[in-house]
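Read the structure below first, then the notes.
Each value in this text was obtained by applying a stated rule to the coordinates, not by laboratory testing. Keep in mind the model is a prediction, meaning the values are calculated, not measured. Glycine gets a Cβ as well: all are built from the backbone with ideal geometry, and neighbour counts include every protein chain shown.
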Amino acid sequence: MAILTARQLTKQYAGESRPALDHADFSIEKGEFVAIVGPSGSGKSTLLHLLGGIDQPTSGRVQLYDTDIYALDQTQLAIFRRRQVGLIYQFYNLIPDLTVVENMTLPADLDGRTVATSELTELLATLGLTEKQDALPNQLSGGQQQRVAIGRALMNHPAIILADEPTGNLDRRNSQDIMTLLRQANIKQGQTLIVITHDPDIAKQADRVVTINDGVLREGR
């Protein structure tokens, strides 16, 4: 059963002759791991932002479970996104004056939910951040910052994880560590995973690969 479906999804930016995304049809099954590949400027990030409710499409629709996300008002969309979607960015997007724990628990705090100490302790240990839990982002390595970003994305147990080049700024060892963590969430927790990547080794790990070029999607490499 498809957990997320996009139909005729289009994004046309003002002043551009060609749409960034051109009538894309896309669906993903619950628990599936899909890699999205394509050259720079092909529309990968645009697609991810539209699937996650971050940007508004010019036309088309995105349905997560039974909810047409763009039929929601801005407040409803923000709440829905916070509870159902975990976002991981290439450049981490951590709050510089919050600690590791504070960054990770921010989505839960915004949702008025108290994170159980046992849950937080377990996630910190899984991420290898137990000894860094009180550190600020500028006291962490790139790999550690990306782990914090993953912890933040996982904290509310979202139905779907969207990762935009999550290993783009990391060395080979840290890249594989990050993908191992994401794959664990995907396999053990049954969370659906969509990853944008330029790395063929990461794409090989996916259940399915979708290629995008000039805003047009096609299945396979």
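For this structure, a couple of remarks:
- Likely footprinting exposure, Ser45, Ser40, fewest C-beta neighbours within 10 Å first: Ser40, Ser45
- Residues whose amide H falls under 5 Å from that of Gly86, counting only those 5 or more places apart or on a different chain, are Ile160, Ile161, Leu162, with hydrogens built in the peptide plane.
- Listed by chain and number, the lysines placed with their C-alpha closer than 23 angstrom to that of Lys188 are Lys30, Lys204; residues fewer than eight positions away on the same chain are left out.
- Remark: the stretch 199-207, residue by residue, has Karplus-estimated 3J(HN,Hα) of 8, x, 5, 5, 4, 5, 7, 6, 5 Hz, where x stands for each Gly or Pro and the curve is 6.51 cos²θ - 1.76 cosθ + 1.60 at θ = phi - 60°.
- Here Lys44 is the anchor, and the aspartates and glutamates within straight C-alpha reach of less than 16 Å, apart from those fewer than 8 places off in the same chain, are Asp22, Asp25, Asp55, Asp164, Glu165, Asp199, Asp214, Glu219.
- Over the stretch 2-219, the ratio between the Cα radius of gyration and 2.2 N^0.38 Å evaluates to 1.00.
- Fluctuation leader among Ile160, Ile79, Ile69 - the chain, Gaussian network, Cα springs under 10 angstrom: Ile79
- For the chain, modelled as a GNM whose springs connect Cα atoms under 10 angstrom apart, the maximal fluctuation among Thr126, Thr75, Thr180 occurs at Thr75.
- Among the trypsin sites (Lys or Arg not before Pro) in the stretch 1-102, those located in a DSSP loop and surrounded by at most 16 other Cβ atoms within 10 Å of their own Cβ are Lys30.
- Around the Cα centre of the chain, unit charges on the Cβ atoms of Lys, Arg, Asp and Glu (plus for the first two, minus for the last two) sum to a dipole of about 340 debye.
- When the charge dipole of the stretch 2-219 is built from unit charges on Cβ atoms (+1 for Lys and Arg, -1 for Asp and Glu) and taken about the Cα centre, the candidate among Gly215, Asn169, Gln144 whose Cα reaches farthest toward its positive end is Gly215.
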